[in-house]
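Read-outs: derived from the displayed coordinates by stated rules, not from any lab. Keep in mind that this is a model prediction, so the values were computed, not measured. So basically every Cβ, Gly included, is an ideal-geometry build from the backbone, and we count neighbours across all protein chains shown.
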Amino acid sequence: MKRCFEIMLTDEEALNSLSCLKDSGSDRSILELGWVDQLIVRSPKVIVRLNLPSYAQGQRDRIAKEIKDILESFEDIDSVQIELSNTTSNNGEIGHGGHGQSQPSLQAIPDVKHVIAVSSGKGGVGKSTVALNLACALSQNGYKVGLLDADIYGPNIPIMLGVSDKAPEVIGSGSDQKIIPIETCGIAMVSMGLLIDDNQPVIWRGPMLNGIIRQFLYQADWGERDFLVVDLPPGTGDAQLSLAQAVPMSGVLIVTTPQKVSLQDSRRGLAMFKQMNVPILGVVENMSVFIPPDQPDREYSLFGTGGGQTLSTENSVPLLAKLPLEIQDEKDHKEYLPIVLQYPNSITAKAFRQLVREVVQTISLNKPE
């Protein structure tokens, strides 16, 4: 195995030498994820304490071996001692060297039956459009639906719904504080975009992001909901980890386009959720074909073909929908109305309604009376 650094060892240099080790699900460095709790060099020995979350326990032996391989490759190091801190093994026992505490269990949202995440490996594939129209199409089918815009750094859902100028009501204080979601288009919605100015950047590190996502989950007054659809930011970052470690999910939809670059990024996102034991409901291929407005029987593959099917086949999960690109009649066009509501007879709206049927069938939820 290649060494990350060819240097004599200090604590800082030893820690930096482990930066090349990655979580196999998210492809992020174990240092970035905070999995190395402590590292002390006592030449010729190094003591490393690991703090692995429950979903990463399957990687424990591999990570420990790679740490030893790297550190023992330095000339002044003869042995590496690995300790486990605050970890729970796969059989539920506390790891040796820990403090006797297990990882926090998942906490359900009161009166919310199913949480569905909508994810993508990269931006620009239409993930928010899929999340929004899925939520509205579920509402059209008689379900009580909430939509959580968890894209904290780029919250677009309020703009897409035309409610970015509104502010949600906040009642109570402290731990009893509640956010009242905005009700529009048949759904209840909460977003960071409702709490900040349009041009205000969100410059937060992971712990603050984790905190606001948990507030949106547990301090928003969702009421009784059959579904809570969560629009995640692109990639495999803190928001995805925060959600998966907070609330039990019925599953996640992976949005991709036929392009190879989108497909590659989607593979990483799908692998991350598999690693975290989140059910994969299936793949949604967006911008599958372009349908000209004057030739509704013609289809043009502007971005290639087969991306969604490839991802589906590779991972043995269903391809739930292939959503086309359509240019609708500009007459009577309403800018802030989702396509399933504004153009219910369009091919895209019909594809979203079919997607709803597939999702409901997959998680075996009976239609409400």
Starting from 0.36 nm per residue, how many nanometres of slack lie between residue 301 and residue 45 once their C-alpha separation is accounted for? 86.3 nm
Phi-derived 3J(HN,Hα) across the range 180-192 with the Karplus relation (6.51, -1.76, 1.60, θ = phi - 60°), rounded Hz, x for Gly and Pro, is 8, x, 6, 9, 7, 6, x, 10, 9, 9, 10, 8, 4
Mind listing the long-range amide H neighbours of residue 319? Cut-off is under 5 Å, sequence gap 5 or more, other chains count too, H placed in the peptide plane at 1.01 Å from N. 283
Write down the percent of antiparallel bridges among all DSSP beta bridges whose residues are both part of the chain, to the nearest 5. 30
Can you give me the distance in nm between label points at residue 341 and residue 354, each placed 7 Å from the Cα along the Cα-to-Cβ direction? 2.5
On Cα atoms only, tilt of 347-362 relative to the major axis of the chain in degrees: 50
The ³J(HN,Hα) series, computed from each phi in the range 47-54 with the Karplus coefficients 6.51, -1.76 and 1.60 at θ = phi - 60°, rounded to the nearest Hz and given as x for glycine or proline, is 10, 10, 10, 9, 10, 8, x, 4
Using a 10 Å cut-off on Cβ atoms, rank the peptides 232-238, 106-112 from the highest mean neighbour count down. 232-238, 106-112
Amide H to amide H, which residues 5 or more places from residue 257 or on other chains are under 5 Å from it, using H placed in the peptide plane? 263, 286
Sequence gap at least 6, Cα distance under 8 Å: using those rules, report the relative contact order of the chain to the nearest whole percent. 17
Taking Cα atoms, how many degrees apart are the long axis of helix 206-218 and the longest axis of the chain, rounded to 10 and kept between 0 and 90? 50
Pick the calculated Rg and Dmax of the Cα atoms in Å for this structure from (i) 19.7, 64; (ii) 21.2, 70; (iii) 23.0, 76? (iii)
Non-local residues with an amide H under 5 Å from the amide H of residue 225, with H modelled 1.01 Å from N and Pro and chain starts lacking one, are 112, 113
Going residue by residue through the range 268-283, the Karplus relation 6.51 cos²θ - 1.76 cosθ + 1.60 with θ = phi - 60° gives ³J(HN,Hα) values, rounded to whole Hz and with x marking Gly or Pro, of 5, x, 5, 4, 4, 5, 4, 4, 8, 6, 8, x, 8, 5, x, 10
Please compute the modelled spin-label separation between residue 196 and residue 13, points set 7 Å along Cα→Cβ, answer in nm with one decimal. 4.0
Under a plain spin-label model, where a point goes 7 Å from the Cα along Cα-to-Cβ, how far apart in nm are residue 183 and residue 29? 4.9
